[in-house]
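The values are calculated or read from the model by the stated rules, or taken from the named source; none is laboratory data. Note that the structure is a prediction, hence the values are computed from the model and not measured. Glycine gets a Cβ as well: all are built from the backbone with ideal geometry, and neighbour counts include every protein chain shown. Side chains included, ligands, DNA and RNA excluded: accessible areas come from the protein's heavy atoms. Shrake-Rupley method; radii C 1.70, N 1.55, O 1.52, S 1.80 Å.
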Amino acid sequence: MSKKNKTRKTTSSKIQVLIDIAKVELLNKGISRFNYEKVIKSAGLSKSTVYEKYGKKEDFIIFLIKSILDELYISFKKYVDELKNFDAILEYISNLNFDIESILKEYPIDDFFTNKRISTFVNNYFYQTYGQVIVNKIIEFQKQNEVRNDIDAIYILEFLISVTKGIGFLLKNRNFKEVVTNYRKLIENALKPIEKIIIVKGDANLGEK
């Protein structure tokens, strides 16, 4: 192996180390406390090499976020593709259980949404990838009469995004199960075809008698 090729291989290995270290740093510290120079030094690279390849701190963070979201997208799409009916989603929501306060302490993601350029990137990326997967599944469920089909799928996506934001906000001060139970009722009543809601409520009333 020539000296030039050996140098390229070494740099390539160090770049991978840089990315691995940087992802951990970003998730643990958030954007505001992310130490770009420390990460570069830990990977054994020069600032000029990294700056030339990825740009300044904000550009590099966007690259990292995209890389993380790309990795998560594969398993997310697989999960959504395998969903057979709307009730499966509602059951999944009902059985969720996590401590949002602990998560935010461990992973300070709040500042991801205070940086306009980064939040705009995340927003655009979401609609082009994750959002499209959800829209496709909504359309599939509409054809199966699992979800009401008198509303365009894109409006249902926006409704679900608003619900997710609401859940995140309320979980900071309220009991997890309480929030999830109430939002499940809202989602079910808002999105299930009317005839299915009537049947479910009718069956419940019969059971009470």
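Please go through region 155-179 and pick out each residue that is under 19 Å from Pro193 (Cβ atoms) and surrounded by 13 or more Cβ atoms within 10 Å (Cβ to Cβ). Give the steps one after another, and end with the answer.
First pass over region 155-179, keeping only residues under 19 Å from Pro193 (Cβ atoms): 155-157, 159-160, 163.
Within region 155-179, Ile156, Leu157, Phe159, Leu160, Val163 qualify.
Taking helices (runs of 4 or more DSSP H) that fall entirely within region 22-96, which contain at least 3 residues that are more than 16 Å from the chain's Cα centre (by Cα) and over 30 Å from Gln132 (Cα atoms)?
Values: elements: 36-42, 47-54, 57-82, 86-95.
Ranges flagged: 36-42, 47-54.
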From the option list Ile89, Ile31, Ile74, Ile62, single residue qualifying as modelled with pLDDT under 95 and either under 15 Å from Val122 (Cα atoms) or in contact with a Lys or Arg (Cβ under 6 Å, 6 or more places away or on another chain) (or both) is Ile31
For region 17-34, pairs from a residue that is in contact (Cβ under 8 Å) with a residue 60 or more places away in the chain to a residue that is hydroxyl-bearing (Ser, Thr, Tyr), with Cβ under 9 Å and 6 or more apart or across chains, are Leu27/Tyr107; Asn28/Tyr107; Gly30/Tyr107; Ile31/Thr114; Ser32/Thr114
Notebook entry, point to check: Condition test on Asn97, is it modelled with pLDDT under 90 and either aliphatic (A, V, I, L, M) or surrounded by 12 or more Cβ atoms within 10 Å (Cβ to Cβ) (or both)?
Noted result: no
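Taking the conditions exactly as written (open to solvent by 30 Å² or more (accessible area, probe 1.4 Å), at pLDDT 95 or above and more than 29 Å from Asn175 (Cβ to Cβ)), does Asp81 satisfy them or not? Step through it out loud before you land on a result.
Numbers: open to solvent by 30 Å² or more (accessible area, probe 1.4 Å): yes; at pLDDT 95 or above: no; more than 29 Å from Asn175 (Cβ to Cβ): yes.
Judged against the criteria, Asp81 is not a match.
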Residues of region 165-179 being touching a residue at least 24 places away in the same chain (Cβ under 8 Å) and either closer than 23 Å to Ile151 by Cβ or of a type in the set (A, V, I, L, M, F, W, C) (or both), in sequence order, are Leu171, Phe176
Listed by first then second residue, the pairs whose first member lies in region 180-208 and is of a type in the set (Asp, Glu), whose partner is at pLDDT 50 or above and in a helix (DSSP H, G or I), with beta carbons under 8 Å and at least 6 positions apart or on separate chains, are Glu188/Leu90; Glu188/Ile197
